[in-house]
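S.K.: Sharing a structure with you now.
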Amino acid sequence: MSEPARDFPQSFVFGAATAAYQVEGGIENDWTDWERAGKTRTPCGRAVDHWNRWEEDFDLLGAAGLGAYRLSVEWARVEPEPGRFDDAVLARYRAMLEGLSRRGIKAMVTLHHFTHPRWFHQRTPWTGAASVEAFAAFSRKVAEALRGRVSWWCTLNEPMVFLLGGYVAAQMPPGLKDLDGFAKAAANLMRAHLAARRAIREADPGVPVGIAHNSLGVAPLRSVSPLDRTISRFAHDLYNHAVPRALIEGELRLQMPLLLRRKEVIDGARGSLDFLGVNYYSRIHVGAKLGAPWLETRYVDVARRGLTDLGWECHPEGFGALLEQMKAYGVPLYITENGLADESGERRSAFLYDHLKVLATAMRGGADVRGYFHWSLLDNFEWLEGLGPRFGLYRVDFQTLARTATPTVAWLKRVAQTGRLATP
Ligand code: FCB
């Protein structure tokens, strides 16, 4: 009897993702100050102590049958003072990458995942041109230190999330509400990607360089309202398309009626993504609201699947629609994050199944998706929410730091090993 057809080709990689600040522990950076100012539910502190337990954690990747790992390098560790790079830290990251390669696991390395060294916002803020060279210098150092061990470089994680959080909603450092600053920082982040890409290509030629981009389904709060429909159209364009369009077609277009209207050609940006990383979690509903900031966003449980522990809608259909749109950019895609906060550990496999099913369908329809990284390998520090929401394939006891497999591990392992989707 012949084997049933695969849903994912042999070359497709299954992996898991983390970010330095969220797992390593013991980092002092702009986010630590943010915690001390009382802006997060808990401090990060030792997080889940991945800085000391990485060997054990990499064994967990292997035990889950995963062949790839997305991690980030913490800028504040690497360059604690402007221009002073810590060789011991770079050596540790190199040892980690060697640990992955010993286990036959490919690495995707992210350079900017929301956090900065303390000095950054004072000396070279993203609103100023000097930020671009500062990021490029850091990227060059890291690429020189880690070359030969990285399968994919990811310059920026979710630049639009960082820009909205940092410059519009004041929810992340630098904590501003400044639309002009938002637009300037957006342009400089695009230039920073280009400068970093150039530096990486010199130091580590031939390795693809992309970004991880957060995408969301977007729908009008009141579908009968022409105003809400217009707003949702603009929100969708700004959130989902402004960044990939800038780095693939070369023009940064930021528009929201009555609030923002910027168009800028970013020199050299055209064709500057070797791959586009797509992060997908949920869908939001948006509409008009009386009084600043005039916009309202909400998660709605339309299909009654139950919201996640963070109150996010489960909406795999939106993932399919976005994959169709991202496919049109004509660059290889990776799913660089997807997952849910699930304390029980009982809902993750079904969520994953639904999203992988949509992904397999999109690929059959011609979407060139080369890999999937689950967020996350481990429970970790979730930014504003602190050490609480559980995104891990492995549950972490935040007191004892013991790691325990959730039921999803065995199921995902089978999918990864066979390339076939079985119902959980
Ligand atoms: C994404 C972030 C990641 C994690 C997940 C839940 O927006 O990139 O660090 O917090 O959300």
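The values are calculated or read from the model by the stated rules, or taken from the named source; none is laboratory data. All values derive from a computational prediction rather than experimental measurement. Here Cβ is always computed from backbone atoms with ideal geometry, including for glycine, and neighbour counts include all displayed protein chains.
S.K.: Which numbered condition in (1) within 16 Å of the ligand (Cβ to nearest atom); (2) farther than 19 Å from LEU259 by Cα; (3) of a type in the set (Val, Ile, Thr) is the only one that VAL243 fails?
M.R.: For VAL243, the failing item is (2).
S.K.: Right, something else. Only one of these conditions is not met by ASP180: (1) part of a helix (DSSP H, G or I); (2) in contact with a helix residue (DSSP H, G or I) (Cβ under 6 Å, 6 or more places away or on another chain). Which number is it?
M.R.: (2)
S.K.: Starting from the stretch 5-25, take each residue that is on the phi > 0 side of the Ramachandran plot and list its partners that are of a type outside the set (S, T, N, Q) and not in a helix (DSSP H, G or I), counting only C-beta distances under 6 angstrom and pairs at least six apart or across chains.
M.R.: That search, which allows pairs on different chains as well, returns GLY25/ARG46; GLY25/ALA47; GLY25/ASP49.
S.K.: I've got another one for you. Whether any residue in the stretch 285-296 is of a type in the set (Phe, Trp, Tyr) and surrounded by 17 or more Cβ atoms within 10 Å (Cβ to Cβ) is what I want to check.
M.R.: Taking every residue of the stretch 285-296 in turn, none turns out to be of a type in the set (Phe, Trp, Tyr) and surrounded by 17 or more Cβ atoms within 10 Å (Cβ to Cβ).
S.K.: Quick one: which of ALA362, ALA367, ALA321 is assigned to a helix (DSSP H, G or I), under 30 Å from VAL207 (Cα atoms) and free of Cβ contacts under 8 Å to residues at least 60 places away in the same chain?
M.R.: Going through ALA362, ALA367, ALA321 in turn, the sole match is ALA362.
Results for (1) surrounded by fewer than 17 Cβ atoms within 10 Å (Cβ to Cβ); (2) basic (Lys, Arg); (3) at pLDDT below 95, shown as yes or no for each residue.
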| residue | (1), (2), (3) |
| --- | --- |
| PRO316 | no, no, no |
| GLU324 | yes, no, no |
| VAL331 | no, no, no |
| GLU343 | yes, no, no |
| ARG347 | no, yes, no |
| MET363 | no, no, no |
| GLY371 | no, no, no |
| PRO389 | no, no, no |
| LEU393 | no, no, no |
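S.K.: Considering (1) touching a His at 6+ places or on another chain (Cβ under 8 Å); (2) of a type in the set (S, T, N, Q); (3) assigned to a strand (DSSP E or B), say which one SER272 fails and leave the rest.
M.R.: (3)
S.K.: Can you say whether GLU313 is among the acidic types (Asp, Glu), farther than 30 Å from LYS106 by Cα and under 19 Å from the mean Cα position of the chain (by Cα), as far as the supplied structure shows?
M.R.: Considered against the rule, which asks whether it is among the acidic types (Asp, Glu), farther than 30 Å from LYS106 by Cα and under 19 Å from the mean Cα position of the chain (by Cα), GLU313 comes out as yes.
S.K.: Here's a follow-up. Just give me the residues in the stretch 123-149 being surrounded by 23 or more Cβ atoms within 10 Å (Cβ to Cβ) and in a loop (DSSP other than H, G, I, E, B), in sequence order.
M.R.: Listed by number, the list holds a single entry, TRP126.
S.K.: Shifting gears a bit: Regarding the stretch 93-110, can at least one residue be identified that is within 19 Å of LEU189 (Cα to Cα) and more than 16 Å from the ligand (Cβ to nearest atom)? Explain how you work it out, then say what you get.
M.R.: From the stretch 93-110, those within 19 Å of LEU189 (Cα to Cα) are 109-110; that's our starting set.
With the extra rule that they be more than 16 Å from the ligand (Cβ to nearest atom), the set shrinks to none.
No - not one qualifying residue is present in the stretch 93-110.
S.K.: Please list, ordered by first then second residue, the pairs with beta carbon atoms under 9 Å, 6 or more apart or interchain, first in the stretch 336-354 and under 18 Å from GLY277 (Cα atoms), second assigned to a loop (DSSP other than H, G, I, E, B) and small (Gly, Ala, Ser).
M.R.: GLU337/SER376; GLY339/SER376; GLY339/GLY392; LEU352/GLY339
S.K.: Right, another one. Under the condition of being of a type in the set (Asp, Glu) and touching a residue at least 40 places away in the same chain (Cβ under 8 Å), which residue from the stretch 370-399 is nearest to the ligand (Cβ to nearest atom)?
M.R.: Here the answer is GLU382.
S.K.: If you don't mind, another one. Given the conditions (1) within 16 Å of the ligand (Cβ to nearest atom); (2) touching a residue at least 60 places away in the same chain (Cβ under 8 Å); (3) not in a strand (DSSP E or B), report the number of the one that GLY165 does not fulfil.
M.R.: Answer for GLY165: the failing condition is (2).
S.K.: Select, from GLY148, GLY175, the only residue that is at pLDDT 95 or above and closer than 30 Å to ALA68 by Cβ.
M.R.: Matching residue, one of GLY148, GLY175: GLY148.
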